[in-house]
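*Asks:* Below is one structure. I have some questions about it.
What follows draws every value from the coordinates through simple rules; no lab data is involved. Every value quoted in this text rests on a predicted model; they were computed, and no experiment measured them. Glycine also receives a Cβ, built like all others from the backbone with ideal geometry; neighbour counts cover every protein chain displayed.
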C-alpha cells in the first residue's frame with residue numbers, strides 16, 4: 001500500500017512583530033492554531049495528534065518547551081511530537097505531520113511552529129564563544145556572508161542582484177497583512193544605500209528578528225472532502241548533510257540538490273520553472289534567492305541571478321518567489337519554514353489574498369537550516385495527485 | 001597529563017518573558033500581595049491559573065482570589081540545596097492547596113527538619129520584602145504558629161471574582177545560567193596542544209586522504225577514524241570571507257574586522273580566522289596569508305595563540321586552486 005492522500009485544509013498565522021509582548025509562547029501558538037482550526041472548520045477536539053516545532057532551545061532558554069505547552073496546544077490525551085532541525089524546522093515539522101496522515105496513522109493532525117525572538121537574542125545564542133576557539137563567529141549573517149561572496153564570485157553575478165531580491169520581497173510584504181516589515185518605498189537604490197553589516201550583506205538584505213507562529217491542519221482524503229479548497233500534498237522531501245566535510249559545496253549543497261531532484265520526481269514534475277506557479281523559498285539573506293533557484297533546479301548553476309535580474313521571480317514573473325514577502329519580511333525562526341509551506345498551500349487554495357498568484361495550481365514550500373545542512377520541501381497542488 | 005583538554009564555560013542570558021494576560025494576572029496579584037487562581041469550566045480553582053481551559057480549550061478569564069493560607073498535600077525534603085534554590089540550607093518543597101483553591105501550588109516550605117513537616121499541616125505564604133510581580137514574591141511557605149487562626153486574610157474566597165488591575169504585569173526577566181566543562185576530543189586536544197608549541201596539527205583520513213584541521217576524530221565524509229598526524233604549513237589562501245561591521249552582545253573583537261576562511265597549504269578544509277595587517281577593503285579571495293602568532297609568553301591551548309593572519313605579499317592564488325573549497 002502506498003501513501004494515503006493528504007491535504008492541508010487549515011492555515012493560520014500570527015501577525016508577526018519584533019515584540020509580541022501581549023502574548024505568552026502558548027498564547028502565540030494558540031493565535032495561529034485557532035486561525036488554522038477556524039479555516040479548517042474544525043475544533044481542537046477533532047484533532048488526533050499534534051506536531052510542534054521550534055528552533056534551538058537556547059534561542060529562548062526553555063528546554064523542551066513542548067512539556068509546558070502541551071495543555072495549551074490541546075495535546076492532553078493525544079500524541080504530541082516535537083521536531084528539531086534548526087532553521088528548517090518549520091518545514092520538517094509540517095512534513096512529519098503530513099507523514100502521519102499519509103501513513104494512515106491519523107486522520108486529522110495539527111502542526112504548529114513558533115519563535116518568540118524578543119525573549120532572547122539569536123545573534124548571541126549563535127555566537128557563544130567556546131574555549132580554545134577563535135571568537136570570530138558573528139551570528140547567522142557572519143556565517144552565511146562568506147558563502148554569499150563565494151556565490152557572487154562563482155556566478156559572476158552583478159552586485160546589485162541581492163538588492164533586487166530585497167526590494168521585491170519587501171514590496172510583496174505590503175500585500176501581506178501578517179508580515180512583520182511593511183517598509184513602504186523600498187527600492188534597489190534604498191537597499192544599496194543601507195548599511196553594510198556583514199560585507200557583502202547589507203542591512204536591508206537581512207531578515208528581521210520576529211515573534212510569530214504558524215499552524216496547519218493536515219487531514220486525510222475523507223476529511224478533506226468537506227473543504228472547499230484543500231491543498232493536496234504532491235511530494236515531501238527532507239535531506240541532511242555534514243556541516244564541515246572537506247570540499248563541501250556551501251553555495252550549492254548536495255543535500256539540497258538531491259532533495260529537489262527527489263521532490264520533482266515524487267510530484268511528477270520534469271520542468272520546475274514551467275510547472276510550479278508560485279514558490280515560497282527560505283531566503284533569510286537576499287542572495288539566497290538566486291542560490292536556491294539554482295539548487296532547486298529552477299535555473300542552471302550560475303544562472304539563478306539572471307532570473308532574479310530579469311524580474312522573473314516577481315509576482316508577475318515566470319516563477320513568482322516569496323509573494324508573501326518571505327523570510328526577509330518576517331522571521332520567527334522556528335515558524336519561518338512552516339510559513340513557507342503554509343503560504344504555498346494558500347496559493348493553491350486561492351486563499352492568499354492580495355498576494356495571490358492568479359490561478360496558481362502547484363506551489364513549492366522550502367526551508368533550510370543549520371549551516372545549509374538541513375533541507376525540507378514540499379509541493380502542494382489544487383488537484384488531488386494522480387500518482 | 002590528561003588525554004583531553006577541558007575548560008569551564010558559562011552560558012548565561014537574562015531572558016525576557018512575556019507573561020500573557022493569564023499568568024500576568026497571577027503575577028499582578030503577587031505584586032499586590034494576593035494570590036489569584038483561575039476557575040476552569042469544570043469548576044476547579046487552579047493556582048497559578050491555567051492559560052487555557054483543559055476541557056473547552058478557551059483562554060482562562062474567570063479569576064478568583066484565594067487565601068494565603070493552605071494545607072500541605074505532599075512534600076519532599078531537600079537535604080543539600082543547590083545554587084539558586086530558595087534556601088541555602090535544608091528545606092522542604094511542598095505542594096500546598098490554598099484555601100479556596102482545588103489544586104496545589106508547588107513552593108518552598110521553611111522548616112528546619114523533615115520532622116517539622118507533614119501532609120495535612122497548615123501553612124501560609126511568607127511574602128518577600130519587596131514584591132515585583134514574580135513567583136519569588138512568595139518567599140516561601142511557613143507553618144502557622146500554634147494557636148494561630150487557621151484562616152488567612154481571605155475567607156472562602158473562591159466565589160469572589162476579581163477585577164482587572166490598572167497596571168498589569170506583562171513580563172518577567174528570567175536569568176538563566178548554565179555552567180559546564182567543555183571537553184575537547186583527543187584529536188582536538190592534539191590540535192590545541194600543537195598550538196601551545198607553535199604548530200598547526202591536522203589529521204589525514206586514511207580512506208579519502210583529506211587532511212582535516214582541526215582533526216575531527218572521524219572523517220565527516222566517510223566516517224573513518226583519523227589517526228595519521230600532519231603538521232600543516234602556516235601559510236595559506238583566503239578562500240572567502242566577510243567583513244563584520246555589526247556589533248553584538250558577547251562579541252570579543254571590536255568591529256569592523258575581517259572573518260576569513262583560510263585554506264592552509266596541505267589542508268583540505270579551511271579554518272575561520274581573523275585577517276589583519278591590511279585594510280579590510282583590500283582583502284581578496286585568493287589572497288596569500290600567513291599566521292601571525294602572539295608573543296610566546298601569552299600562549300595557551302587555543303587557536304587564539306595565532307593572533308591573526310596577515311598577507312604574505314605573494315601573488316594571489318589562482319581561483320582554480322581553491323574553487324572546490326567554496
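*Asks:* Past the 24 angstrom mark, what percentage of all C-alpha to C-alpha distances in the range B:6-175 do you count?
*Replies:* Details: 5716 of 14365 pairs.
It works out to 40 percent of all Cα pairs.
*Asks:* Sort A:266-272, A:322-328 by packing, meaning the average of other beta carbons within 10 Å per residue, with the highest value first. The partial results should precede the final answer.
*Replies:* On the way: A:266-272: 16.7, A:322-328: 28.6.
Going by the mean number of other Cβ atoms within 10 Å, highest first, we get A:322-328, A:266-272.
*Asks:* Would you compute the Debye intensity of the range A:75-155 from its alpha-carbon atoms alone, equal scatterers and no solvent, and pass along log10 I(q)/I(0) at q = 0.11, 0.17 Å⁻¹ to two decimals?
*Replies:* Calculated log10 I(q)/I(0) at the listed q: -0.54, -0.87.
*Asks:* Further question: Run the simple label-point estimate for residue A:64 and residue A:159 please: 7 Å along Cα→C-beta, distance reported in nm.
*Replies:* Taking the simple label geometry, residue A:64 and residue A:159 are separated by 5.0 nm.
*Asks:* Roughly what % of DSSP beta bridges within chain B run antiparallel, to the nearest 5? Kindly include the intermediate steps, with their values, before the conclusion.
*Replies:* Working: 70 of 72 bridges.
In chain B, DSSP labels about 95 percent of beta bridges as antiparallel.
*Asks:* Separate question: Give me the inter-chain shielding for A:240-249: mean count of other chain Cβ atoms within 10 Å, whole number please. Mind showing how you got there, number by number?
*Replies:* On the way: counts 0, 2, 5, 1, 7, 10, 17, 9, 6, 3.
The mean count of partner-chain Cβ atoms within 10 Å per residue comes to 6.
*Asks:* Which FRET efficiency, nearest 0.05, do residue A:221 and residue B:145 yield, Cβ-Cβ r, R0 60 Å?
*Replies:* Details: r = 68 Å, r/R0 = 1.14.
That pair, residue A:221 with residue B:145, gives E of 0.30.
*Asks:* Considering the range B:185-232, what Rg and Dmax in Å follow from its alpha-carbon atoms?
*Replies:* 9.9, 31
*Asks:* What distance in nm lies between label points placed 7 Å from Cα along the C-beta direction at residue A:182 and residue B:180?
*Replies:* Going from the residue A:182 label point to the residue B:180 one covers 4.3 nm.
*Asks:* Would you calculate the volume per residue, in Å³, of the smallest convex hull containing every Cα atom of the range B:53-108?
*Replies:* Numbers: hull volume 7.1 nm³, N = 56.
Roughly 127 Å³ of hull volume per residue.
*Asks:* While we're looking at this one, here's another question. Restricting the calculation to Cα positions, tell me the Rg (one decimal) and the Dmax (whole number) of the range B:117-247 in Å.
*Replies:* For the range B:117-247, the Cα radius of gyration and maximum Cα-Cα distance read 31.3, 83 Å.
*Asks:* Please work out the C-alpha center-to-center distance from the range B:51-108 to the range B:242-259 and express it in whole Å.
*Replies:* Comparing the Cα centres of the range B:51-108 and the range B:242-259, I get a distance of 46 Å.
*Asks:* Using only C-alpha positions, report the orientation-averaged shadow area of the convex hull of the range A:225-357, nm², one decimal.
*Replies:* Details: hull surface 36.0 nm².
Projected over every direction and averaged, the Cα hull of the range A:225-357 covers 9.0 nm².
*Asks:* Over chain A, how many percent of alpha carbon pairs lie in each 20 Å bin up to the one with the longest distance?
*Replies:* Answer for chain A: a P(r) of 32, 60, 8 percent.
*Asks:* May I ask you to compute the full-extension gain from residue B:32 to residue B:173, defined as 0.36 nm times their residue separation minus their alpha-carbon distance, rounded to one decimal in nm? Provide the component values of the computation, followed by the final result.
*Replies:* Working: separation 141, 0.36 × 141 = 50.76 nm, distance 1.83 nm.
48.9 nm is the gain from fully extending residue B:32 to residue B:173.
*Asks:* Taking only Cα atoms, what is the 0 to 90° angle, nearest 10, from helix B:186-196's long axis to the longest principal axis of chain B?
*Replies:* Roughly 60 degrees, rounded to the nearest 10.
*Asks:* With no solvent and one point per C-alpha, what does the Debye sum give as log10 I(q)/I(0) for the range A:108-254 at q = 0.08, 0.17, 0.21 Å⁻¹?
*Replies:* -0.36, -1.27, -1.36
*Asks:* Taking every residue in B:15-28, how many Cβ atoms of other protein chains lie within 10 Å of its Cβ, on average? Could the numbers behind the result be given before it?
*Replies:* Numbers: counts 8, 8, 10, 13, 5, 11, 4, 4, 3, 2, 0, 0, 0, 0.
Per residue, the average neighbour count from other chains is 5.
*Asks:* Shifting gears a bit: Any idea what the relative contact order of chain A is, in percent, if you count C-alpha pairs under 8 Å spaced at least 6 apart? Write down the numbers at each step before the final one.
*Replies:* Numbers: 956 pairs, mean separation 99.3, N = 387.
In percent, rounded to a whole number, it is 26.
*Asks:* Let me ask another. Counting other C-beta atoms within 10 Å, which of A:280, B:282 has the fewest, and how do the rest follow? Let's see the in-between values first.
*Replies:* On the way: A:280 29, B:282 10.
With the fewest neighbours first, A:280, B:282 line up as B:282, A:280.
*Asks:* Follow-up question, since we're still on this one. Hey, any idea what the orientation-averaged projected area of the convex hull of the range B:1-60's Cα atoms comes to, in nm²?
*Replies:* Numbers: hull surface 32.4 nm².
Convex hull of Cα atoms, orientation-averaged projection: 8.1 nm².
*Asks:* So how tilted is helix B:20-31 from the main axis of chain B? Cα-based, degrees 0 to 90, rounded to 10.
*Replies:* Rounded to the nearest ten degrees, it is 60.
*Asks:* Now, a different point. What is the average number of partner chain Cβ atoms found within 10 Å of a Cβ in A:141-150?
*Replies:* Details: counts 5, 7, 3, 1, 6, 12, 4, 2, 8, 9.
For peptide A:141-150, the averaged partner shielding equals 6.
*Asks:* Here's a follow-up. Of all the C-alpha pairs in chain B, what % are more than 28 Å from each other? Present the calculation step by step, with values, prior to reporting the outcome.
*Replies:* On the way: 32232 of 52975 pairs.
The calculated P(r) of chain B puts 61 percent of pairs beyond 28 Å.
*Asks:* Provide A:60, A:115, B:65, B:166 in ascending order of the number of other Cβ atoms located within 10 Å of each residue's Cβ, fewest first. All intermediate terms of the calculation are to be shown ahead of the outcome.
*Replies:* Working: A:60 26, A:115 31, B:65 19, B:166 6.
Least crowded to most crowded, the residues run B:166, B:65, A:60, A:115.
*Asks:* A follow-up question, please. Can you give the percent of C-alpha pairs in the range A:1-116 whose distance is more than 16 Å? Kindly include the intermediate steps, with their values, before the conclusion.
*Replies:* Values: 3997 of 6670 pairs.
Across the range A:1-116, Cα pairs with separations above 16 Å total 60 percent.
*Asks:* Something else now. Take the alpha carbon gyration tensor of the protein assembly as shown, find the square roots of its eigenvalues, order them as a ≥ b ≥ c, and report rounded if a/c is under 1.5; if not, report prolate when a/b exceeds b/c, else oblate. Numbers along the way, then the final one.
*Replies:* Values: a/c = 2.15, a/b = 1.31, b/c = 1.64.
Note, shape of the protein assembly as shown comes out oblate.
*Asks:* Looking at chain A, send over the antiparallel percent of its DSSP beta bridges, to the nearest 5. Please list the in-between numbers first.
*Replies:* Values: 38 of 52 bridges.
In chain A, DSSP labels about 75 percent of beta bridges as antiparallel.
*Asks:* Report relative contact order for the range B:7-77 in percent, whole number only (criteria: Cα-Cα under 8 Å, sequence separation at least 6).
*Replies:* On the way: 82 pairs, mean separation 18.1, N = 71.
Across the range B:7-77, relative contact order equals 25 percent.
*Asks:* Which of rounded, prolate or oblate describes the range B:234-326 when judged by the alpha-carbon gyration tensor and an a/c cut-off of 1.5? Intermediate results must be reported in sequence, preceding the final value.
*Replies:* On the way: a/c = 1.72, a/b = 1.27, b/c = 1.36.
Oblate.
*Asks:* Give me the distance between the Cα centres of the range A:187-216 and the range B:265-319, rounded to whole Å.
*Replies:* Using only Cα atoms to place each centre, the spacing works out to 30 Å.
*Asks:* Counting other C-beta atoms within 10 Å, which of B:318, A:277, A:34 has the fewest, and how do the rest follow?
*Replies:* On the way: B:318 10, A:277 21, A:34 17.
The fewest-first ordering by Cβ neighbours comes to B:318, A:34, A:277.
*Asks:* Further, regarding this structure: Given 5 Å bins starting at zero, what is the percent of C-alpha pairs of the range A:167-225 in each, up to the one with the largest pair distance?
*Replies:* Result returned by the calculation: 4, 15, 19, 17, 13, 9, 7, 6, 4, 4, 1.
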